[in-house]
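Novice: Mind looking over this structure? Questions follow.
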Amino acid sequence: MKAAASWAAVLLLAGAAQASTPPPGAARTAVTASPAEWHFEVQLDGKPVGEHRFSLSAEGSERRLRSIASFDVKLLGITVYRYRHEARERWKGDCLAELEARTDANGKPTTVSARLEPEGLRVSAPAGMAALPACTMTFAYWHPALRRQAQLLNPQTGRNVAVQMVPVGTGMIDVRGSAVPAEHWRLTGDESPIELWYTPGGEWLALDATVNGRRLSYRLR
């Protein structure tokens with residue numbers, strides 16, 4: 001099912017950015033210090049198809065993120081596309097230090113891992129091994145530094161993707177049944193544009209993308 005495969009890819013490209021390595025002593029972007037969770041209902045054309053959960057916790061100077069996605073696309077009550085994804089990430093400041101990701105896209109399993117070494121971030125993916133800069137980011141929508149990145153690491157494929165994130169404006173977005181003011185940003189890469197919504201303080205609220213004429217949305221539960 002080509003259409004479903006495409007929007008599943010957008011899901012992860014929307015959840016590897018190659019960032020410039022900051023100079024020694026440069027100030028780091030503040031990251032949420034307390035534990036945080038995002039529980040999104042995933043919708044396709046306004047109909048629920050599953051969920052994606054993100055859990056962020058602090059351990060000393062590091063942050064650990066766990067991401068779990070599970071959804072099924074059905075046609076006439078029959079599942080035509082099944083998607084499962086789980087990733088664990090360890091962060092030091094703005095930089096990814098370790099990644100373990102497993103994905104099953106309609107019966108096709110893939111594994112991607114990454115580890116920070118003295119020479120940079122070593123990535124193992126289905127396409128082989130790759131070396132990325134020491135300060136690399138994934139599609140970390142929760143992280144304020146995402147807006148400054150020119151490349152991002154895709155945790156499903158292990159590919160380094162050229163991206164650009166620009167402000168679009170402000171508006172209202174539905175959050176748990178209530179309309180709230182939000183800042184609208186657009187992330188472009190090698191897939192369809194990703195529309196992201198944040199509070200004025202920078203907290204991630206929602207995600208939208210149009211793929212093959214269908215609307216994929218994340219809405220907080």
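The values are calculated or read from the model by the stated rules, or taken from the named source; none is laboratory data. Because the structure is a prediction, the values reported are computed rather than measured. Here the Cβ positions follow ideal geometry from the backbone for every residue, glycine too, while neighbour counts run over all protein chains shown.
Novice: Does the stretch 72-87 include one or more residues that are within 27 Å of Met129 (Cα to Cα), out of contact with any helix residue (DSSP H, G or I) (no Cβ under 9 Å at 6 or more places or on another chain) and of a type outside the set (A, V, I, L, M, F, W, C)?
Specialist: yes
Novice: Hey, can you tell me all the residues within the stretch 177-194 that are at pLDDT 90 or above and buried (at least 20 other Cβ atoms within 10 Å of the Cβ)?
Specialist: If the condition is that a residue be at pLDDT 90 or above and buried (at least 20 other Cβ atoms within 10 Å of the Cβ), then Ala182, Leu187, Ile194 are the ones that fit.
Novice: Then there is this: Between a first residue in the stretch 121-138 that is closer than 20 Å to Ala150 by Cβ and a second residue that is among the charged types (D, E, K, R), which pairs have beta carbons less than 7 Å apart while being 6 or more apart in sequence or on different chains?
Specialist: Close Cβ pairs satisfying both conditions: Ala131/Glu119; Ala131/Arg122; Cys135/Asp94; Met137/Asp94; Thr138/Glu89.
Novice: Considering the stretch 102-144 alone, what residues qualify as being under 20 Å from Lys92 (Cβ atoms), polar (S, T, N, Q) and over 19 Å from the mean Cα position of the chain (by Cα)?
Specialist: Result: no residue meets the conditions.
Novice: Select, from Thr110, Thr138, Thr157, the only residue that is more than 23 Å from Tyr218 (Cα to Cα) and β-branched (Val, Ile, Thr).
Specialist: Result of the check over Thr110, Thr138, Thr157: Thr110.
Novice: Further question on the same structure: Consider Thr157 carefully, then state whether it is surrounded by fewer than 18 Cβ atoms within 10 Å (Cβ to Cβ), of a type in the set (Val, Ile, Thr) and either within 19 Å of His85 (Cα to Cα) or in contact with a helix residue (DSSP H, G or I) (Cβ under 9 Å, 6 or more places away or on another chain) (or both).
Specialist: In short, no.
Novice: I'm told Asp174 meets every condition in (1) part of a strand (DSSP E or B); (2) modelled with pLDDT under 95; (3) closer than 24 Å to Arg84 by Cβ except one. Can you identify the failing condition by its number?
Specialist: Evaluating Asp174 over (1) part of a strand (DSSP E or B); (2) modelled with pLDDT under 95; (3) closer than 24 Å to Arg84 by Cβ leaves (3) as the failure.
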